[in-house]
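The values are calculated or read from the model by the stated rules, or taken from the named source; none is laboratory data. Bear in mind that the values here come from a model prediction, so they are computed numbers and not experimental data. Glycine gets a Cβ as well: all are built from the backbone with ideal geometry, and neighbour counts include every protein chain shown. Heavy atoms of the whole protein, side chains included, go into the accessibility calculation; ligands, DNA and RNA do not. Shrake-Rupley method; radii C 1.70, N 1.55, O 1.52, S 1.80 Å.
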Amino acid sequence: MADDPEILLYGDPRLRVRCRPVEQFDGVLSQLVDGMIAAMTHQNGIGLAAPQVGHDLRLIVARDRRGPLATVLPLVNPEIVFRSLERATFNEGCLSLPGITADVDRPARVRVCYQDLQGREQLLADDGLLARIVQHEADHLDGVLFVDHLGLVRRKLLAKKLRELARRAQPA
C-alpha cells in the first residue's frame, strides 16, 4: 500500500533513540496506529513499534491471537511491571532486520500497564506469544534491538548481515 509508513532498517539512528511518552490521544494518534498496523500487516509482521516507522513515541502494536479472532492491540506508553523469573527461548525476527533471526531468551510471563487509544489505563498479562511480542516491541522504545540480547559469538556470526543492512539504511 502506498500509505504504509516506511519501516526503518537496522543502522538507522532513529532505531536507537529512547522514545518520549504519548501525551495527545487524538485523531493523529489513531492515524499513526492505523498506518503502523497497515505496514505491519503488509510485511506479515506480528508487532511493530513507533520508532520503526520514524516516530519517537512510546507506542507499539501487537497481533493478539489469544481469542477466537486475531486482533491487533495498540499499547500506548506500555510499561512492563512484572517479569517472571521463568525464562523461555524463542526464535525472533524483526521487520527492521529482514532476513535475520536468532534465539532470544526472555521472561516467560509479563504484566504490562498501558493506555488504550482513549488514554484509559489497561493491564495485560500473558505467558504466550503476545508476551514475547510485547517485550520485543517495548525494547524498541528504549532503542534496544533483539540482536542486542545475543551473545558475542552469535553477534559475530551475524556481523556481515548486520553491516549489509546498515549500508542499505544509509541515504544514497
Give me the pairs, please: first residue somewhere in the range 78-90 and over 27 Å from CYS19 (Cα atoms) and among the charged types (D, E, K, R), second residue anywhere and open to solvent by less than 40 Å² (accessible area, probe 1.4 Å) and part of a loop (DSSP other than H, G, I, E, B), beta-carbon distance under 6 Å, and either six or more positions apart or on two chains. GLU86/ALA108
Which number in (1) at pLDDT below 95; (2) open to solvent by 30 Å² or more (accessible area, probe 1.4 Å); (3) closer than 15 Å to LEU48 by Cα; (4) not hydroxyl-bearing (Ser, Thr, Tyr) marks the one condition that GLY99 misses? (3)
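Evaluate the following for ALA108: is it more than 13 Å from the chain's Cα centre (by Cα), open to solvent by less than 20 Å² (accessible area, probe 1.4 Å) and farther than 30 Å from ARG168 by Cβ?
When the stated conditions are applied, ALA108 passes them.
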Taking strands (runs of 3 or more DSSP E) that do not extend beyond the range 28-88, which have at least 2 residues that are closer than 18 Å to VAL110 by Cα and open to solvent by 10 Å² or more (accessible area, probe 1.4 Å)? 59-64, 71-83
Are any of the residues in the range 141-153 open to solvent by 10 Å² or more (accessible area, probe 1.4 Å), touching a residue at least 24 places away in the same chain (Cβ under 8 Å), in a helix (DSSP H, G or I) and aliphatic (A, V, I, L, M)? no
